Amino acid sequence: MIEVLVVDDDERVARVNAAYTAKVPGFRVAAVAHSAAEALARVEEMPPDLILLDHYLPDRNGLAVVRELRERGHQSDVIMVTAARDVATVQAAMRHGALQYLVKPFAYAGLRTKLEAYAALRHTFESGGEAGQTEVDRLFGALWAPGEPGLPKGHSPTTAELVRQSLRSAGGPLSAQEIADSAGLSRQTAQRYLKLLERTGRVRLSLRYGETGRPEHRYTWAADA
């Protein structure tokens with residue numbers, strides 16, 4: 001599970017963001033904070049994997065929190081979740097190492113897309129190995145990539161790419177669970193993307209009947225894209 005710290009000065013907004021986060025498979029809200037001091041204290045107690053960080057806090061702004069975290073040696077990833085829209089703040093967030101910037105207000109689908117992309121990127125990093133220029137370019141653009149043509153709102157290009165890689169590298173048809181395990185996704189997420197890719201003709205669906213007589217859905221990559 002990816003442990004998340006939700007930071008927002010508005011208690012109602014914090015609850016909503018926490019509820020949204022908890023709905024995404026693979027994520028768990030470890031703590032909620034409503035000020036910079038409280039956020040820093042929570043990180044000291046138990047560093048999270050990811051911080052959803054508001055910029056407008058009552059004691060210090062979010063960028064100051066990120067600076068303080070890095071000075072203390074904490075490496076938790078940060079996604080800014082804020083109403084701050086000025087370009088200077090966005091630029092400063094990038095320079096301070098925020099992985100993504102989500103502007104309020106947003107719907108559940110908007111946050112889910114960012115979190116799924118983050119989970120996919122994290123899975124790629126944890127797999128280790130070496131990366132050529134193409135892979136490096138993909139990693140640097142993973143969280144900022146625009147939606148590819150035909151990809152509905154709320155779907156992550158990075159997650160779709162993980163599913164595609166799992167299918168293309170397979171020696172034969174795979175089940176949704178096998179694809180989920182290979183891509184580091186939940187079965188529910190893998191199925192959602194497989195249905196989309198099947199509808200667009202990129203994946204072929206076949207049925208395999210086992211001893212129980214119930215068919216198992218098997219998927220094969222059908223498009224060299």
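The values are calculated or read from the model by the stated rules, or taken from the named source; none is laboratory data. All values derive from a computational prediction rather than experimental measurement. Counting neighbours? That spans all protein chains shown, and the Cβs are built from the backbone with ideal geometry, glycine included.
A few comments on the model shown:
- Flag for Arg15 being without any contact (Cβ under 8 Å) to a residue 24 or more places away in the chain and surrounded by fewer than 17 Cβ atoms within 10 Å (Cβ to Cβ): yes
- When residues of the range 39-64 are limited to those that are in contact with a Leu (Cβ under 9 Å, 6 or more places away or on another chain), part of a helix (DSSP H, G or I) and of a type outside the set (A, V, I, L, M), the one farthest from Ala84 (Cα to Cα): Arg42
- Some residue of the range 70-88 being surrounded by 14 or more Cβ atoms within 10 Å (Cβ to Cβ), among the small types (Gly, Ala, Ser) and assigned to a helix (DSSP H, G or I): no
- Each residue in the range 89-101 was checked for being without any contact (Cβ under 8 Å) to a residue 24 or more places away in the chain and part of a strand (DSSP E or B), and 1 of them qualify.
- Taking the listed residues Arg164, Arg218, the one that is under 18 Å from Leu121 (Cβ atoms) and in contact with a strand residue (DSSP E or B) (Cβ under 9 Å, 6 or more places away or on another chain) is Arg164, with no other qualifying.
- Candidates Thr220, Thr159 - the one that is closer than 24 Å to Val78 by Cβ and modelled with pLDDT of 80 or more: Thr159
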